[in-house]
Amino acid sequence: MTQARTYKRSDMKKLLITILCAGTLTACINDDKDEPREQDVISVGQKLPQFSVTTSDGTQVSTQTLLGRRSVVVFFSTTCPDCQRELPRIDSLYRARQNDALFSLVCIARDQQQQPIQAFWEAKGLIMPYSPQTGRKVYELFARSVIPRIYMASTDGVVRYMHDDQDMPTFQQLNDELESID
C-alpha cells in the first residue's frame, strides 16, 4: 500500500512539472532566441528608431511621418494569446481617434505574413491598418524579445509610454496616456 501512494505522488509531481513546462513553452513571451528583457533596444525617454513600413491600406508609415503626431507603434503576432487579447483594445483606441489629425497608429507584425493577419482581423472585426512583415527586421530596431509591445510617442518622436506582455493596458489607460502626451 505504501508503494502505491509513493508511486501516485511521483506521478502527480511529474504531471505538475509537465503542465508547468508546457505552459512556459507555449507562451508567446518566449522567443526562439530566449533573450532577456534587459536587451530591449528602445525604452521610455528614447527616440523612435528610423523605420518605414507599408500598411494594409497602402499607407507608407515611417519615423518621419509620425513626427508632429502623438503616435502608437504596436508589435504583434496573431498567434500570440496576449496579442489576441490586446489587439481589440488597440482597435478601440484607433476607432476613437482615427479622425484626430494629431494621432497616428501603426500595427507591425513580427514575422507574420498577410493571410493569417487578414483572417484574424476579419474574424475579430478589426479596422486599424497593419503591416505584415516576413521577418524581424523592423521589430529588432525596437526590441529583441517579447510581444505584444506598445510604444506611445510624443510629437517629437520620444517614447513616453511602453507596454509589453507583463503590463497590458486597458483601453482607458491607453486613452489616458495618449491624452497626457504632448
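The values are calculated or read from the model by the stated rules, or taken from the named source; none is laboratory data. Predicted model, so just to flag it, every value in this text is computed and none were measured. Neighbour counts are summed over all protein chains in view; Cβ atoms, including those assigned to glycine, are modelled from backbone coordinates with ideal geometry.
Annotations for the structure displayed:
- Counting only residues that are more than 19 Å from PRO81 (Cβ to Cβ), in contact (Cβ under 8 Å) with a residue 24 or more places away in the chain and not polar (S, T, N, Q), segment 136-173 holds 16 of them.
- When ARG9, ARG85, ARG70 are checked against the criterion of being at pLDDT below 95 and either in the same structural domain as GLU140 (by TED's automatic domain parsing) or among the basic types (Lys, Arg) (or both), a single residue qualifies: ARG9.
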